[in-house]
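The values are calculated or read from the model by the stated rules, or taken from the named source; none is laboratory data. All values derive from a computational prediction rather than experimental measurement. So basically every Cβ, Gly included, is an ideal-geometry build from the backbone, and we count neighbours across all protein chains shown.
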Amino acid sequence: MTAERAIRTARELADAGLVGREQEEAISRVASRYAVAISPTIARLVDRDDPNDPIARQFVPDMAELTLMPEERADPIGDGAHSPVAGIVHRYPDRVLLKAVHVCPVYCRFCFRREMVGPEGLGTLTPAELDAALAYIAGRPEIWEVILTGGDPLVLSPRRLGDIMVRLAEIDHVKVVRFHTRVPVVEPDRVDAGLIAALKSSGKATYVALHANHPRELTAEARAAAARLIDAGIVMVSQSVLLKGVNDDPDVLAALMRAFVETRIKPYYLHHPDLAPGTGHFRLSIEEGQALVASLRGRVSGLCQPAYILDIPGGHGKAVVSAGAIEAEGGGCYTVTDFRGNRHDYPPKG
Ligand code: SF4
């Protein structure tokens, strides 16, 4: 029996019934521009009877990706402007991104690093580059947290991950290690005892931020994979991207946040989509995003509330962009809006 492998070409997409045969040539043009990979788990999750399936929309290439908008940029969140050595992004004083690998088990069609990831992307750091990246961290006592992202760091073998973790363990001033990944959802079987041991081998407080955008991604297998991580002492938080046609609906967004909390994953970031090339069909307006986020307030528990975040283009970092619930009226008086949209004076008059 041959092991199942990811779908990577237009021909394989057509063979799997994920695009029509007549689309094969057009889709191969998209696939030659932006990496394609759909893991077997995700291919099974797609509802082939639904032309608007939110899982397919995230992973199956679309001709709309060849339409570029003037405001889009190759490096939408400005990683390059803050990269002192290969593999490091140092945007905030107390933390760095460590991008050890630029490969993912799936390629999201809205990816903010789509110009860097993929088989033809920036690849994996060489041993010398990894040495230099770790030396950069070791030489800066202000670095408190190291965030492994990429690419997806959980595609590294437990041996390679464990090697990085053991080397981070030797850097006293690093207290927290965080991984950003899609693996528990898209390849849940990869989360085994070997991987978990590697993740924990730094001995630091270890966090895993799980990227998922639709409640159907939180399958029984994904929830079990998350449980294995959490039961081993790893803290999990979520990150999602607000995406037109995937989760731009109050019920879907509420179900997603509840699914995270039921899985013991604290909702953390809800990103406004970045200005990545060929992703205009996923973007909604900030006002639409604010209305969706406001809709969560009245619907779901405080535990289910993520922060609505915009990464400011150019590398200026993150800003919370939820609509304000309070307006200053002057003289120490305010108007505050409740979850039903009713306005109240603060302090109350009379
Ligand atoms: S997993 Fe992350 S880095 Fe990889 S394609 Fe998706 S959004 Fe991009």
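Points to keep in mind about this one:
- Hey, ARG57 touching a Ser or Thr at 6+ places or on another chain (Cβ under 9 Å) and under 17 Å from GLY245 (Cβ atoms) or not: no
- In the set (1) in a helix (DSSP H, G or I); (2) away from the ligand (no atom under 16 Å from the Cβ), the condition left unmet by MET69 is number (1).
- Residue that is farthest from the ligand (Cβ to nearest atom) [pool: residues in region 95-137 that are more than 30 Å from ALA43 (Cβ to Cβ) and of a type in the set (Asp, Glu)]: ASP131
- Condition met for GLY314 (without any contact (Cβ under 8 Å) to a residue 60 or more places away in the chain and either more than 30 Å from VAL166 (Cα to Cα) or assigned to a loop (DSSP other than H, G, I, E, B) (or both)): no
- From the list ALA128, ALA86, the lone residue that is more than 22 Å from the chain's Cα centre (by Cα) and either assigned to a helix (DSSP H, G or I) or not polar (S, T, N, Q) (or both) is ALA128.
- Members of region 218-248 found to be assigned to a loop (DSSP other than H, G, I, E, B) and either buried (at least 22 other Cβ atoms within 10 Å of the Cβ) or touching a residue at least 40 places away in the same chain (Cβ under 8 Å) (or both), listed by number: LEU218, THR219, LEU242, LEU243, LYS244, GLY245, VAL246, ASN247, ASP248
- Conditions (1) outside any loop (DSSP other than H, G, I, E, B); (2) touching an Asp or Glu at 6+ places or on another chain (Cβ under 7 Å): number failed by GLU327: (2)
Each row is one residue, and each column tells you yes or no for (1) in a helix (DSSP H, G or I); (2) touching a residue at least 24 places away in the same chain (Cβ under 8 Å).
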{"position": "ARG5", "(1), (2)": "no, yes"}
{"position": "LEU18", "(1), (2)": "no, yes"}
{"position": "GLU24", "(1), (2)": "yes, no"}
{"position": "ILE27", "(1), (2)": "yes, yes"}
{"position": "THR41", "(1), (2)": "yes, yes"}
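- Total residues in region 103-124, condition buried (at least 23 other Cβ atoms within 10 Å of the Cβ) and either basic (Lys, Arg) or farther than 17 Å from PRO61 by Cβ (or both): 3
- Considering residues of region 1-33 that are surrounded by fewer than 12 Cβ atoms within 10 Å (Cβ to Cβ) and under 20 Å from CYS104 (Cα atoms) only, the residue farthest from the chain's Cα centre (by Cα): ALA3
- Contact map, region 175-186: residues that are outside the structural domain of VAL235 (by TED's automatic domain parsing) paired with residues that are assigned to a helix (DSSP H, G or I) and within 10 Å of the ligand (Cβ to nearest atom), Cβ distance under 8 Å, separation 6+ or inter-chain. No pairs are found.
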